[in-house]
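Student: Sharing a structure with you now.
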Amino acid sequence: MSFSSFRSSDEAAALFARLGVTPPGGDLVSRSPIDGGEIGAVATASAADVAAAVEQAHRAFAAWRDVPAPRRGELVRLFGAVLREEKAALGRLVSLEAGKILQEGLGEVQEMIDICDFAVGLSRQLYGLTIATERPGHRMMETWHPLGVVGVISAFNFPVAVWAWNACLAFVCGDAVVWKPSEKTPLTAFAVQALFERTAARFGDAPARLSQVVQGGREAGEALVDHPRVALVSATGSTRMGRAVAPRVAARFGRSLLELGGNNGMVVAPSADLALAERAITFAAVGTAGQRCTTLRRLFVHDSVFDALVPRLRQIWAGVPVGNPLDDGMLVGPLIDRAAFEAMQAALAAAREQGGIVEGGDRLQAEASPDAWYVRPAIVTMPGQTAITLTETFAPILYVMRYLGLDEAIAAHNAAPQGLASSIFTNDIREAETFLSAAGSDCGIVNVNIGPSGAEIGGAFGGEKETGGGRESGSDAWRAYMRRATNTINYSRDLPLAQGINFNMP
Ligand code: NAD
C-alpha cells in the first residue's frame, strides 16, 4: 500500500470535479477511513431545518401523487441513466468515504441501477386485487394509493444503495422522500442528491423538493422520526437505533420499516462441497471488512468436516490482502473508525474469556496511517455459543463452532436474537429442505450453497426478530410505500347487506 503517495483529500477533489458537485462546507466533517484525512464537510440540519424539509416534501407529494405512475417511472428511468454515466466516480466515492474495496463501491452503485430498473417496471405493475363479493350486483376491489412523505434513515456501511432501495420504490409509488444519511457518510449522500437534481432537470416537471437530504446525526434523525407528516420511517442501522425509533413512530401511529442488526450464521454439513463453502465463507465473513448487516459471523461446522475445513480457513485468513481499498486486488479495506476497532478488540477479549481461541484481529498499517484502522480479520474457534457469539460486533470476526446433529445446529443458529441472513452448505436434499422449512432457519434470508451476504435486489430484503421485521427492495416490498383502499361498488338496485343481515327499515 502506497500511503506516501495517497491523499484522500486529493482523491475526493478529483471525484467531486468529475461529478460536478461542491460540498458546501460546515460543521459535519467527513473523513476517509482509508487514511483518516478530511475529504469535505456539510452543515448539520437543525430540527427546524428538518421540519421545513418535511413540509416542502409534503407539498411535493401533493403534486406528485397525481402524476400517473408510469410517468413517475420515467423519472426513475432517467435517474438510472445518470447513475450509469457516473457509476465509476460515485462507486469510487463510496469506497473513499465508507472504506469498502472499489469492486464493492462499484457494486453498490450497480445495486442502485438495478433497483431503478426494477422500479421502472413496477411503475406499470402497482396492482390491486379484484375480490369475489358475496353480494349480488356488487364489485369489490382494492386500490393502492401514494402514501405521503417517506423518511429514510441510513447506516454508514451502505451509504447510497439503501437510500435507493427505498427512494426508487417511493418515487414510483407517488411519495416524496427526505433522507437522513449516516453522519459518517454525508458526502456520498450529497453527491447522490446532486445526481437526482440533475435527473429532475432532465425530466422537466418533477415537483421541487421531491427528494431532499437532511444531514446530521441522531438529533436530525429524531426530528424526522417525530414529524407527524412523515407517513413512513424507513430506518436502517443498529438494533439500538431501532429500539429508540420504533416506539417513537408507533406513539404517533406512523409506520416504520426497520432494517436492523444481523448476527448471521452458516451451517456446513457433512456432504458440503468444501471448496465452494470456503469461498462463500471468506467473502461473507471478511468482505466489506465484516461491516455488512449480512456478514457471516457464526459458522457451525459438522464434526466430520471440521478438520478439513477450519485449518484451510485459518490459512486463508492469514493471507487475505488487507490495505488501501482502492488498490487492485485488495479484498479487505479499513474499519470505519477507531470506535469500530475498539469494539472489535473488546469482542475478541470477551471471546478469549469465554473459551475462544483467537487468530488474527491485530492492527495493521498503523505506522503508515495512524488515523486509519486496518485489521487482520479474526477467526475464533469457540467451544460453543456464548454471550459474545450472540452479539453483533460490526467487524470481521468469524466464530467457528462444531456440531454433531442438524437439529442441534439449527437450534444454535436460531438462538441469536437477530434474524437477518443464513445459509447451509449441503448436498443432501433432506438437510437443505429442513433448513428452508418452517422448522428450519428463522431468518428473513435463507440460502442453500451460497453465503448469507450479497443479496440481489429482486427479492424482498430484511429479517426477523431484532432485525426489525421490515422488507425492502424487490418482490412486493413496494406495498409498504403505499396505502391500500378496499372499494365496494353497488351497481344493483338493491342494498343487500353482508353476512345476510336483515335490516329492514320500518
Ligand atoms: P447506527 O444505528 O449507529 O446509525 C444508523 C443511522 O441511524 C444513522 O443515520 C444514525 O444517525 C441514525 N440514528 C441513530 N440513532 C438514532 C435515533 N435515536 N433516532 C433516529 N436516528 C438515529 O448504525 P451504523 O453504525 O451506521 O450501521 C451499522 C448497523 O446497521 C449494524 O448494526 C448493521 O447490522 C445495521 N445495518 C442493517 C441493515 C439491514 O438492512 N438490516 C443494513 C445496513 C446496516
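Rule-based calculations on the coordinates, nothing more; no lab input. Fair warning: this is a prediction, and the values are worked out from it, not measured in the lab. Ideal geometry is used to build each Cβ from the backbone, glycine not excepted, and the neighbour counts take in all protein chains shown.
Student: I need the calculated FRET efficiency for the pair Ala346 and Ile131, taking r as the beta carbon distance and R₀ as 45 Å, to the nearest 0.05.
Tutor: On the way: r = 55 Å, r/R0 = 1.22.
Once rounded, the FRET efficiency stands at 0.25.
Student: Tell me what the chain gives for mean residue ellipticity at 222 nm when only DSSP H runs of n ≥ 4 count, each as -39,500 (n - 2.57), the sum divided by the residue total, rounded to 500 deg cm²/dmol. Kindly include the intermediate steps, with their values, before the conclusion.
Tutor: On the way: 13 runs with 197 residues, N = 506.
Result for the chain, helices only: -13000 deg cm²/dmol.
Student: Among the trypsin sites (Lys or Arg not before Pro) in the range 241-315, which ones are in a DSSP loop with at most 15 other Cβ atoms within 10 Å of the Cβ? Mind listing them? Mind dumping the intermediate values first?
Tutor: On the way: sites: Arg243, Arg248, Arg252, Arg255, Arg279, Arg292, Arg297, Arg298, Arg312, Arg314; in loops: Arg252, Arg292.
For trypsin sites (Lys or Arg not before Pro) across the range 241-315 that sit outside H, G, I, E and B with at most 15 neighbouring Cβ atoms in 10 Å, the list reads Arg252.
Student: Hey, rough spin-label estimate for Tyr491 and Ala318, points 7 angstrom out along Cα→Cβ, what's it come to in nanometres?
Tutor: So the two model labels end up 7.7 nm from each other.
Student: Also, I was wondering about something else. What FRET efficiency would be calculated for the residue pair His138, Phe253, taking the C-beta separation as r and a Förster radius of 41 Å, to the nearest 0.05? Walk me through the numbers before you get to the answer.
Tutor: On the way: r = 31 Å, r/R0 = 0.76.
Efficiency, from the Cβ-Cβ distance: 0.85.
Student: Under 5 Å between amide H atoms, partner at least 5 residues away or on a different chain: which partners does Leu296 have, H built in plane at 1.01 Å?
Tutor: It is Ala285, by chain and number.
Student: Where does the charge balance sit around Asn487 when Lys and Arg score +1, Asp and Glu -1, over other residues with C-beta under 11 Å from its C-beta? List each step's numbers first, then the result.
Tutor: Values: positive: Arg139, Arg484; negative: Glu142.
Once positives and negatives cancel, what remains is +1.
Student: Less than 15 Å Cβ to Cβ from Asn414, Lys/Arg counted +1 and Asp/Glu -1: what total charge do the surrounding residues give? Display every interim value, and only then the final one.
Tutor: Values: positive: Arg297, Arg298, Lys465; negative: Asp407, Glu408, Asp442, Glu464, Glu466.
So the environment of Asn414 carries a net charge of -2.
Student: Given the range 393-474, what percent of its DSSP beta bridges are antiparallel, to the nearest 5?
Tutor: Details: 4 of 8 bridges.
Once the DSSP bridges in the range 393-474 are tallied, antiparallel ones form about 50 percent.
Student: Can you work out ³J(HN,Hα) from phi for every residue in the range 260-276, in order, using Karplus 6.51 cos²θ - 1.76 cosθ + 1.60 and θ = phi - 60°, giving whole Hz and x for Gly and Pro?
Tutor: Result, rounded to whole Hz: 10, x, x, 9, 8, x, 9, 9, 10, 8, x, 8, 4, 7, 5, 5, 5.
Student: Convex hull volume of the Cα atoms in the range 264-456, per residue, in Å³?
Tutor: Details: hull volume 21.5 nm³, N = 193.
In the range 264-456, the Cα hull volume divided by residue count equals 111 Å³.
Student: Still on this structure, please answer the following. Once you order the gyration tensor axes a ≥ b ≥ c over the Cα atoms, which shape class does the range 1-96 get: rounded for a/c under 1.5, otherwise prolate or oblate by comparing a/b with b/c?
Tutor: On the way: a/c = 3.80, a/b = 1.58, b/c = 2.40.
Oblate shape, in that a/c is at least 1.5 and b/c is the bigger or equal ratio.
Student: Test of understanding: extend the Cα→C-beta vector of Ala62 to 7 Å, then name every residue of the range 199-217 with backbone N under 20 Å from that spot.
Tutor: Only 205-212 pass the distance filter.
Student: Still on this structure, please answer the following. What's the local net charge at His145, with K and R +1, D and E -1, over the other residues with C-beta under 9 Å away? Don't jump to the answer; show the numbers that get you there.
Tutor: Details: positive: Arg65, Arg483, Arg484; negative: none.
Net local charge, His145 excluded: +3.
Student: If you build the Cα gyration tensor of the chain and take the root of 5 times each eigenvalue, what three semi-axes come out, in whole angstrom, biggest first?
Tutor: Numbers: eigenvalues 327, 200, 72 Å².
Semi-axis lengths for the chain are 40, 32, 19 Å.
Student: Ranked by Cβ crowding within 10 angstrom, fewest neighbours first, how are Ile424, Ile489, Ile410 ordered?
Tutor: On the way: Ile424 29, Ile489 10, Ile410 24.
The most exposed by this proxy come first: Ile489, Ile410, Ile424.
Student: Among the lysines, select those whose C-alpha is under 17 Å from the C-alpha of Lys184, and discard any that sit fewer than 8 residues away in the same chain.
Tutor: Within the straight-line cut-off, Lys184 pairs with Lys100.
Student: Now a separate question. Mind sorting Thr44, Thr130, Thr185 by how few other Cβ atoms lie within 10 Å of their own Cβ, fewest first? Let's see the in-between values first.
Tutor: Values: Thr44 17, Thr130 10, Thr185 23.
Going from least to most buried by this count: Thr130, Thr44, Thr185.
Student: Once fully extended, how much extra length lies between Glu219 and Ile357, figured as 0.36 nm per residue of separation less the alpha-carbon to alpha-carbon distance?
Tutor: On the way: separation 138, 0.36 × 138 = 49.68 nm, distance 4.06 nm.
Fully extending the segment from Glu219 to Ile357 adds 45.6 nm.
Student: Here's something else I'd like to know. Count neighbours as other Cβ atoms within 10 Å of each site's Cβ, and list the GluC sites (Glu not before Pro) in the range 329-401 that are DSSP loop with at most 15 such neighbours. Could you put the intermediate results ahead of the total?
Tutor: Values: sites: Glu342, Glu353, Glu359, Glu367, Glu392; in loops: Glu367, Glu392.
When the GluC sites (Glu not before Pro) of the range 329-401 are filtered for loop state and at most 15 Cβ neighbours within 10 Å, Glu367 remain.
Student: Looking at the range 52-123, what % of the alpha carbon pairs are farther apart than 16 Å? Before the final figure, lay out each step's value.
Tutor: On the way: 1498 of 2556 pairs.
Roughly 59 percent, once rounded to a whole number.
Student: What list do you get for Leu232, Leu96, Leu404 if you sort them by fewest beta carbons within 10 Å?
Tutor: Values: Leu232 24, Leu96 27, Leu404 10.
Ranked by crowding around the Cβ, least crowded first: Leu404, Leu232, Leu96.
Student: May I pose another question? Just need the relative contact order of the range 264-456 here, percent rounded to a whole number, with Cα pairs under 8 Å and 6+ apart.
Tutor: The value is 30 percent.
Student: Separate question: Evaluate E = 1/(1 + (r/R0)^6) for Gln110 and Ala387, where r is the Cβ-Cβ distance and R0 equals 41 Å; express this FRET efficiency to the nearest 0.05. Before the final figure, lay out each step's value.
Tutor: Details: r = 38 Å, r/R0 = 0.93.
After rounding, the FRET efficiency stands at 0.60.
Student: Taking loop as defined by DSSP and a crowding limit of 11 other beta carbons within 10 Å, which chymotrypsin sites (Phe, Trp or Tyr not before Pro) in the range 181-269 fit?
Tutor: Values: sites: Phe190, Phe196, Phe203, Phe253; in loops: Phe253.
Within the range 181-269, the qualifying chymotrypsin sites (Phe, Trp or Tyr not before Pro) (loop, at most 11 other Cβ atoms within 10 Å) are Phe253.
Student: Can you list residues from other chains, or at least 5 along the same chain, whose modelled amide H is less than 5 Å from the amide H of Trp373?
Tutor: Leu335
Student: Here's a follow-up. I need the phi-derived Karplus couplings for the range 154-161: 6.51 cos²θ - 1.76 cosθ + 1.60, θ = phi - 60°, integer Hz, Gly and Pro marked x.
Tutor: 10, 9, 6, 7, 10, x, 10, 5
Student: Compute the separation of the alpha-carbon centres of the range 183-247 and the range 442-506 and state it in Å as a whole number.
Tutor: Distance between centres, Cα-based: 25 Å.
Student: Next question. Under the rule of at least 5 residues apart or a separate chain, name every residue whose amide H is placed under 5 Å from the amide H of Leu257.
Tutor: Under 5 Å from the amide H of Leu257: Val233, Ser234, Ala235.
Student: Could you give the distance between the Cα centres of the range 379-399 and the range 1-70, to the whole Å?
Tutor: 35
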